[in-house]
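This report concerns only the one structure given below.
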Amino acid sequence: MIDSKTGLSPKEFARRAREIVWILLDVDGVLTDGGLYYDRRGASVLKFDVRDGLAIKLAQMNVEHNTGGPFGAIICSAQTGQLVAGGINVVTTARCSLAHAEMVALSLAQQSLNSHLLTECELASSTEPCAMCLGAIPWSGIRSLLCGARGADAEAIGFDEGTKPRLWRAGLERRGVQVTRDVMREEARAVLHAYKESGGSIY
Ligand SMILES: [Zn+2]
C-alpha cells in the first residue's frame, strides 16, 4: 500500500528509517581508533567508575578528533560490566540533530544485541541526558544511568539542554531506571571546557 501524502510504501519508509540508523552508526572509525573503545572483549572487566571514565574518554577523543560535540556514552551489561557499545556526539559531522552520544550508543547497542530493548544494560554518559535523550531512555529498556557532568555544566558553556522536568531523576526511577550522578564530574567538566576553549560549535 502507498501512503496517500508521501507516495511511499511502508517498505520504503522502513528502508529510509534504516538508512538513518546507519548514519547514526557511522562512527566506527572514531570508536575503533586505537582498537579499544568498541572492543567487547577488551572491556569485559569494567568497574563502576571506569565505565563513566570510558564515556568521558570518548567525549575527549571526539573533541581531539574534531568529530563532534564534547559528549560520549557507553552501554554495558548491568550484570557483567561487559561493554556492548559506545557512542559519541556526531550532530554536526553527521548533520543530524538526533545524533547525541546517548542516542548513538543506544542505537549501536540495540543493533549489536539485535533487540530494541536493552533490559540487561546500563548507560553511562559523560554528561546528564538532555531533554531528548531523557525521553529516549525509558523506551530503550535500560536499567540504570550513570552521569558525569551535570546538565548545568553543559549549559554553562552554552549548550541547550532543553526543558526537562525538575524531578527528572525521580521520574526515571519510578520507571525502573536507577540514576547515579556526579561520577567523575570534574573530569567530564574539563572536557566540556576544553571543547569551549577550542572554539567548538555550540548548539
Ligand atoms: Zn541528548
Practice problem: Among the residues of region 103-142, write down those that are modelled with pLDDT under 95, surrounded by 20 or more Cβ atoms within 10 Å (Cβ to Cβ) and of a type in the set (Asp, Glu). | Solution: GLU122
Quiz item: When you scan region 164-177, how many residues do you find that are more than 10 Å from LEU134 (Cβ to Cβ) and either surrounded by fewer than 14 Cβ atoms within 10 Å (Cβ to Cβ) or at pLDDT below 95 (or both)?
Solution: 6
Quiz item: Assuming GLU197 fulfils every condition listed in (1) surrounded by 14 or more Cβ atoms within 10 Å (Cβ to Cβ); (2) over 12 Å from PHE71 (Cα atoms); (3) among the acidic types (Asp, Glu) apart from one, which condition is it?
Solution: (1)
Quiz item: Looking only at region 68-94, which residues are part of a loop (DSSP other than H, G, I, E, B), touching a residue at least 40 places away in the same chain (Cβ under 8 Å) and within 20 Å of ALA194 (Cβ to Cβ)?
Solution: GLY69, PRO70, PHE71, VAL90, VAL91, THR92
Self-check item: Residues of region 77-120 that turn out to be away from the ligand (no atom under 16 Å from the Cβ) and touching an Asp or Glu at 6+ places or on another chain (Cβ under 7 Å), as a count
Solution: 3
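The values are calculated or read from the model by the stated rules, or taken from the named source; none is laboratory data. Just so it is clear, the structure is predicted and the values come from calculations on it, not from any experiment. Every residue, glycine as well, gets a Cβ built from its backbone with ideal geometry; the counts of neighbours run over all protein chains shown.
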